[in-house]
Amino acid sequence: MAANVIQVWKKVSPELEAEIVRFWTDNKAIGEEKDAAKRAKQVVCIARDEAGALVGVSTAHPRIVP
């Protein structure tokens, strides 16, 4: 399966956020929708298959390391 990786850092639309929340809850990666919605703000990249379906999500938590 080929996947297309798309950078979405700071560009997550409400529609994409809903798709990500659904992806995580459907795949039991994050159980609570409110937790998934909060985490969706941290998405850096997504991956879509050849049909355009969401198949992967990468997040980051920015912080200052002393």
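Worth pointing out:
- Ligands, DNA and RNA are left out, and with a 1.4 angstrom probe the accessible area of the chain is 73 Å² per residue.
- With a Förster radius of 22 Å applied to the C-beta separation of residue 61 and residue 28, the computed FRET efficiency comes to 0.55.
- Shown are 48, 22, whose ranking by accessible area with a 1.4 Å probe and every protein chain present, most to least, is 22, 48.
- Inter-site label distance for residue 35 and residue 48 at 7 Å from Cα along Cβ, in nm: 2.9
- Positive-end residue, the chain charge dipole about Cα centroid, Cβ charges, pick of 20, 51, 9: 9
- Size of electric dipole in the chain: Cβ of Lys, Arg +1 and of Asp, Glu -1, about Cα centre, debye, nearest 20: 380
- Value of Rg to Rh for the chain, rounded to two decimals, is 0.99; Kirkwood radius and Rg both from alpha-carbon coordinates.
- Rounded to 10°, Cα long-axis angle of helix 14-26 versus longest principal axis of the chain: 80
- Top of 43, 21, 55 by mean-square fluctuation, Gaussian network on the chain, Cα under 10 Å: 55
- Short-range pairs are left out: with C-alpha atoms under 8 Å and at least six residues apart, the relative contact order of the chain is 38 percent.
- Amide H to amide H, with H built 1.01 Å from N, residue 30 comes under 5 Å of 25, counting only residues 5 or more places away or on other chains.
- In the chain, the DSSP-assigned H stretches of four residues or longer account for a calculated mean residue ellipticity at 222 nm of -9500 deg cm²/dmol, using -39500 (n - 2.57) per stretch and the full residue count as denominator.
The values are calculated or read from the model by the stated rules, or taken from the named source; none is laboratory data. Predicted model, so just to flag it, every value in this text is computed and none were measured. As a convention, Cβ positions derive from the backbone with ideal geometry for all residues, glycine included, and neighbour counts pool all protein chains shown. To get the accessible areas, we keep the full protein, side chains included, count just its heavy atoms, and leave off ligands, DNA and RNA. Shrake-Rupley method; radii C 1.70, N 1.55, O 1.52, S 1.80 Å.
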